[in-house]
Amino acid sequence: MADFQTDRELAELHQRVADLEAQIGIADQLGMHRDALPDSMLFSDSFLKRAFAVLGHYFVASLIIMVPVYVFLFLIMALVGVAAF
C-alpha cells in the first residue's frame with residue numbers, strides 16, 4: 001500500500017518537473033530570460049553595491065516615514081510656543 005502511494009507521489013513529482021521544464025522552455029522561446037531583471041544595484045554581483053543600495057532604500061524610506069512626523073511635532077511645538085505668549 002505504501003509502495004503504491006510512494007510510486008504515485010513520485011509520478012506526480014516527475015510530472016511537475018516536466019511541467020516546470022516546459023514553462024522554462026516557453027519562457028526561453030518568448031525571450032524572457034533570467035537576466036531580464038530590472039537594472040538595479042540590488043541585483044548586482046558585488047556585495048558592496050548591494051549593501052549601499054539597501055542603505056539608500058532604507059534612508060529614503062526613513063525620510064518618507066519621519067518627515068511628516070517631524071513636521072507634525074514642529075507644528076505642535078510652534079503652537080505651544082505661541083500659546084505661551
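The values are calculated or read from the model by the stated rules, or taken from the named source; none is laboratory data. On a predicted model such as this, the values are computed, not experimentally measured, just so you know. Cβ: placed from backbone, ideal geometry, glycine included. Neighbour counts: every protein chain shown. Just the protein is used for accessible areas: all its heavy atoms, side chains included, with ligands, DNA and RNA removed. Shrake-Rupley method; radii C 1.70, N 1.55, O 1.52, S 1.80 Å.
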By residue number, the members of the stretch 33-51 that are modelled with pLDDT of 95 or more and surrounded by fewer than 10 Cβ atoms within 10 Å (Cβ to Cβ) are F47, L48
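For every residue, the table says whether it meets (1) modelled with pLDDT of 90 or more; (2) open to solvent by less than 100 Å² (accessible area, probe 1.4 Å).
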site: D19; (1), (2): yes, yes
site: G25; (1), (2): no, yes
site: G31; (1), (2): no, yes
site: A53; (1), (2): yes, yes
site: I65; (1), (2): yes, no
site: V80; (1), (2): yes, yes
